[in-house]
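Please read the structure below before turning to the comments.
Where a number appears in this text, it was derived from the coordinates with a stated rule and is not lab data. These figures come from a predicted structure and were not determined experimentally. Note that each Cβ is placed from the backbone with ideal geometry, even for glycine, and that neighbours are counted across all protein chains shown.
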Amino acid sequence: MQRKVPCVLMRGGTSRGPYFLASDLPAEPARRDAVLLSVMGSPHALQVDGIGGSNTLTSKVAIVSRSQHAGADVDYLFAQVSVTEALVDTKPNCGNMLAGVGPFAIEAGLVRAGNPTTMVRIYNVNTETLIEAVVQTPQGRVEYAGDTRIDGVAEPAAPIKLTFLDALGAVTGKLLPTGNLLDSIQGVEASCVDMAMPVMIMAAEAFGKTGRETPEELDADKAMLKKIEAIRLEAGRRMGMGDVAKLVVPKPALVSRPAQGGNITSRYFTPHACHKAHAVTGALAVATAAVLPGTVANRYVEPRGFSGGVLGIEHPSGRIDVDLVTDCSGAVPVVERASFVRTARRIFEGVVYVPEALFD
């Protein structure tokens, strides 16, 4: 016997995956994760028995419900479903999938649409943070068509503005989880920052790279990937997260000087392969590190002394801009909030079939 589970497949930013109402999934985490593995077809390199896309960027899930938290309209739980292992990680947030939460919530009847835009206040369950999403809703209906382009997506669409209100220490509770702006881990300098996403930032040149390599070129360097993973495991321990071998955080990022008119270049890992573009939450962490004197990222940001405003991060598919509001009254700039413009698209809606036994 199989059960029909309603879902909507959406592109959010440069990611894609099914969006579910929490009420349509088991409440108990282990059963819920078993259902998600079945939905996506994991573990299998091709995810041939599910709707996953055989890539970490297309093996993501958004679970949405009416919010139980003050100041929020909806709760959003993000799940990263491993492609090749029977693992579901709900530790991190995903800012790209976040872009689809507002439209999904409005069309699911969780939020009443305004005209011409609708503010959806989203509580991210993973990181216990609040995000405001402004969705285009002319005449009270979600509009997906538009002229906004984001690098990593072929077609333009309607803009969705995401503003992170309290992303500092989202997972570890501290902006600098190790207590340092700079750590030496296995002979490599790294800045461990937790701003929306725990990230360990290293210089591309520390691995003999320019920082402008393609994801394919970086993924082909197995010795480098092995070294990065060893550093990541130690960084996770130093950041207070314990054994992170089966977690996708912290995420590694290799930074270098910009070459295409941006302010810094980043190659972001997910964590065992280079992102084809750049994660939104990871971009917030890199941008925050870039304005903190003493970090690895701050060495490479241009112009020198950048402390606020729109910071452009160059990535393999182009560029992602982070609008930083900083308090520069103290000795060190403090990022108070950050905004991004993303797009989303509703691809299909219907039901996905899951073995009934997973619900029993």
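Side notes on the structure shown:
- Using the Karplus relation 6.51 cos²θ - 1.76 cosθ + 1.60 with θ = phi - 60°, the per-residue 3J(HN,Hα) values for the stretch 192-203 come to 9, 10, 10, 9, 6, 8, x, 9, 10, 9, 10, 7 Hz, with x marking Gly and Pro.
- Per-selection Kirkwood Rh - the stretch 183-338 (Cα, Å, 1 d.p.): 15.3
- Check: the chain dipole with +1 on Lys, Arg Cβ and -1 on Asp, Glu Cβ, in debye: 140
- Residues with amide H under 5 Å from that of Val125, placed H, sequence gap 5 or more: Tyr76, Leu77, Phe78
- Integer Hz, Karplus 6.51/-1.76/1.60 couplings in order for the stretch 36-41, x for Gly and Pro: 5, 4, 5, 4, 7, x
- Sorted largest first, the principal axis extents computed over the alpha-carbon atoms of the chain equal 56, 44, 36 Å.
- Pairwise FRET efficiency - Ala273 versus Ala27, Cβ, R0 = 51 Å, nearest 0.05: 0.95
- Derived scalar couplings between HN and Hα for the stretch 287-294 equal 5, 5, 4, 5, 9, 9, x, x Hz in order, rounded to whole Hz, by the Karplus curve 6.51 cos²θ - 1.76 cosθ + 1.60 (θ = phi - 60°), x for Gly and Pro.
- If you run the Gaussian network model on the chain, springs between alpha carbon atoms under 10 Å, then out of Val322, Val188, Val101 the most flexible one is Val188.
- Neighbour-count order for Phe207, Phe78, Phe348, fewest beta carbons within 10 angstrom listed first: Phe348, Phe207, Phe78
- Relative contact order [Cα under 8 Å, 6+ residues apart], the stretch 183-338, whole percent: 23
- Span from the the stretch 27-60 Cα centroid across to the the stretch 1-23 one, whole angstrom: 11
- Average Cα contact separation per residue, the stretch 258-357, under 8 Å, 6 or more apart, as relative contact order %: 24
- Euclidean distance between Cα centres, the stretch 103-167 to the stretch 243-268, Å: 26
- Residues considered: Leu77, Leu36, Leu225. Largest GNM mean-square fluctuation over the chain, using C-alpha springs under 10 Å, is found at Leu225.
- In degrees, nearest ten, helix 95-107 long axis to first principal axis of the chain (Cα): 30
- Taking 0.36 nm per residue of separation and subtracting the current Cα-Cα distance, fully stretching the chain between Glu349 and Arg149 would add 69.6 nm.
- Ranked list, fewest to most other Cβ atoms within 10 Å of each Cβ, for Leu233, Leu284, Leu254: Leu233, Leu254, Leu284
- Most mobile of Glu132, Glu28, Glu349 in a GNM of the chain (Cα contacts under 10 Å): Glu28
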